[in-house]
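Inspection log for the structure reproduced underneath, given as structure tokens.
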Amino acid sequence: MKEIERNCKKRLFLNWFVQALVFVITGLSLVPLFFILFYLTKQGIGSVNWSFLTHLPRPVGESGGGVLNAIIGTLIIASLSTIMAIPIGVTAGIYLAEKKTGKLVHLLRLSTDILQSTPSIVLGVIAYLWIVKPAQSFSAFSGSVALAMMMLPTIVSSTEETLKLIPYTLKEASLALGVPYYRTVLKVILPSGISGILTGTLLGIARIAGETAPLLFTAFGSPYLNFNLFKPMNALPLVIFNYASSPYLEWWRQAWGASFILIVMVLCFNLLAKWGASKWKIKF
Amino acid sequence: MEDKILITEKLYAYYGEHCVLKDVNLEIPKFKITAIMGPSGCGKTTLLRCFNRLHELSPGGRIEGQIWLGKTNLLSLNPIMVRRKIGMVFQRPNPFPTMSIYDNVIAGYKLNGIKIKREEADQIVETSLKKAALWNEVKDFLHRKGTFLSGGQQQRLCIARALAMHPEALLLDEPTSALDPKSTAHIEELIIELKDSVTIVIVTHNIGQAGRVADYTAFLYLGELVEFGPTERLFTAPKDKRTEEYLSGKFG
Ligand SMILES: Nc1ncnc2c1ncn2[C@@H]1O[C@H](COP(=O)(O)OP(=O)(O)OP(=O)(O)O)[C@@H](O)[C@H]1O
Ligand SMILES: [Mg+2]
């Protein structure tokens, strides 16, 4: 009896100790995050106002001016890359989840992993070689291609992981009704996994929205409001990069403002993904 | 002699090299309830899955021998057509989680892209749910998700889904093993009512259940059909020693 009691006490103490440890470590890891958010808000919020959001950049020396073209550019470029990445990524994810083994599966998995670990600037270079150089012009389109490549691995793996969790009995239910395999995949498996796929995509968008390197020599940036996909286009990360590396105080201030807007946008996407995940969750 | 609807001749089924069914010769009578019994792993599920040709979709799944659906050779038909003629209900209820109760019932039409008129669909949903003895419980919220129902209701929804296709035969794989006694009794009653319009093959571990519902019983042991006959005769005077031992609870 004594023995058991002592053992219990030891357990309880250990339990308490580990729990305390987890709290401390969690707290520590949150410090940098809060510091970034706090500092960014402090520096950025002063420059964000209505005119900053609705005006185009002004030349050096003139005060005022905003980042409207960069906000719109970011939205356009991110949407375009999503439109490009979703069909390819979801198809590949379905294939991986359904086929599971085989040469092509192996190859696909390998290339997804490689793409995942490719530095973003390299993807920018590739898009430059593929599109900008032959077309002899920087363009929003080439930037979207670079970002789409960056998004692909996220979409592929979230699709695969989601679909793998769908019970096999569901597939059988459909097959047993005489539904052909491809229709089963498209009409039963895919809709059942839609929440995971959408969440993965939203997280993918949040990830690329702030990327600068792939845009440097593709979308390039522009002081004008441009809707032509085959012309240079501005984006928030480019504004931040260009303004922050300039020698002008006024531009530094605007770079903080742009950073603040960007982080709010990314945060919104993250929250949207979380909300979507619970909202579209499917109960099996 | 009554009509036979599903007939197997020298049926062998394999998973890769593993032979699961050996020389099964079985004649399932039309508009009767046939129970398939036997210890775990003896191949009951596999036999059912041969009838609707799901077996060949399992990795390494392979069939040798003959299966007849009435007068037609079932193995020469398109598997998709076979599965539309022979419905199946699984051990665990598996309604489609993305669909409403209504859509679940007509899922066989929707998923196959078979166009039906709105009134016709309403009609099919109502009659199928009535046949599955679920109509009264769900008629007021047909457009809610099927997964909100209780386990027993879900299983009856799955039965309705299979019945909506007007199958010639209905395969039930331990349909009540995941359910409480009340839902089980409910489904047993339902099965007995259904036999006037559809042939039923039911796999069950429950000797009492077979006794209550089945007209005929087949006893499988290690992939072989040991004995087949009217349930009463099989239960009261088994010819084979293995059947007798199984029924008296020596194994299983
Ligand atoms: N997908 C599969 N791949 C390989 N072998 C399988 C597979 N499914 C079943 N088997 C094997 O086939 C044999 C028969 O399985 P089956 O599922 O038909 O048994 P059962 O009689 O339905 O058993 P239970 O009463 O436990 O459901 C078992 O030995 C099992 O190991
Ligand atoms: Mg089984």
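With respect to residue B:20, determine if the residue is in contact with a Gly (Cβ under 6 Å, 6 or more places away or on another chain) and either more than 8 Å from ligand 1 (Cβ to nearest atom) or within 26 Å of residue A:101 (Cβ to Cβ) (or both).
For residue B:20, the condition - in contact with a Gly (Cβ under 6 Å, 6 or more places away or on another chain) and either more than 8 Å from ligand 1 (Cβ to nearest atom) or within 26 Å of residue A:101 (Cβ to Cβ) (or both) - is met.
Looking at segment A:26-40, can you tell me whether even one residue there is surrounded by 15 or more Cβ atoms within 10 Å (Cβ to Cβ) and in contact (Cβ under 8 Å) with a residue 40 or more places away in the chain?
Yes.
Can you tell me which residues in segment B:34-66 are away from ligand 1 (no atom under 12 Å from the Cβ) and more than 22 Å from residue B:108 (Cβ to Cβ)?
Those that are away from ligand 1 (no atom under 12 Å from the Cβ) and more than 22 Å from residue B:108 (Cβ to Cβ): B:34, B:35, B:63, B:64, B:65, B:66.
Can you confirm whether segment B:121-142 contains a residue that is within 16 Å of ligand 1 (Cβ to nearest atom) and either within 21 Å of residue B:94 (Cβ to Cβ) or at pLDDT below 95 (or both)?
No, there is no match, as no residue in segment B:121-142 is within 16 Å of ligand 1 (Cβ to nearest atom) and either within 21 Å of residue B:94 (Cβ to Cβ) or at pLDDT below 95 (or both).
When you look at residue B:176, is it closer than 24 Å to residue B:138 by Cα, open to solvent by less than 40 Å² (accessible area, probe 1.4 Å), in contact with a helix residue (DSSP H, G or I) (Cβ under 7 Å, 6 or more places away or on another chain) and within 16 Å of ligand 1 (Cβ to nearest atom), yes or no?
Yes, satisfied.
Counting residues that are within 16 Å of ligand 2 (Cβ to nearest atom) and open to solvent by 40 Å² or more (accessible area, probe 1.4 Å), which strands (runs of 3 or more DSSP E) fully inside segment B:15-96 reach at least 1?
B:18-29
Condition check ((1) buried (at least 22 other Cβ atoms within 10 Å of the Cβ); (2) touching a residue at least 60 places away in the same chain (Cβ under 8 Å); (3) under 19 Å from the mean Cα position of the chain (by Cα); (4) closer than 25 Å to residue A:171 by Cβ) across all residues:
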| position | (1), (2), (3), (4) |
| --- | --- |
| B:103 | no, no, no, yes |
| B:109 | no, no, no, yes |
| B:116 | no, no, no, yes |
| B:131 | no, yes, yes, no |
| B:136 | no, no, no, no |
| B:140 | no, no, no, no |
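Could you grab me the full set of residues in segment A:66-96 that are in a helix (DSSP H, G or I), β-branched (Val, Ile, Thr), more than 15 Å from residue A:206 (Cα to Cα) and touching a residue at least 40 places away in the same chain (Cβ under 8 Å)?
Across segment A:66-96, the qualifying residues are A:72, A:88, A:90, A:94.
Have a look at B:208, B:249 and point out the one that is surrounded by fewer than 20 Cβ atoms within 10 Å (Cβ to Cβ), away from ligand 2 (no atom under 16 Å from the Cβ) and either at positive phi or of a type in the set (Lys, Arg) (or both).
Every option except B:249 fails the conditions.
Let's see how each residue does on (1) closer than 21 Å to residue B:147 by Cβ; (2) outside any loop (DSSP other than H, G, I, E, B):
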| site | (1), (2) |
| --- | --- |
| A:151 | no, yes |
| A:163 | yes, yes |
| A:179 | yes, no |
| A:199 | yes, yes |
| A:224 | no, no |
| A:229 | no, no |
| A:243 | no, yes |
| A:255 | no, yes |
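The values are calculated or read from the model by the stated rules, or taken from the named source; none is laboratory data. Here the structure is a predicted model, which means the values were calculated and not measured. All Cβ positions, glycine included, derive from the backbone under ideal geometry; neighbour counts span all protein chains shown. Keep in mind that these areas ignore ligands, DNA and RNA; they rest on the heavy atoms of the full protein, side chains included. Shrake-Rupley method; radii C 1.70, N 1.55, O 1.52, S 1.80 Å.
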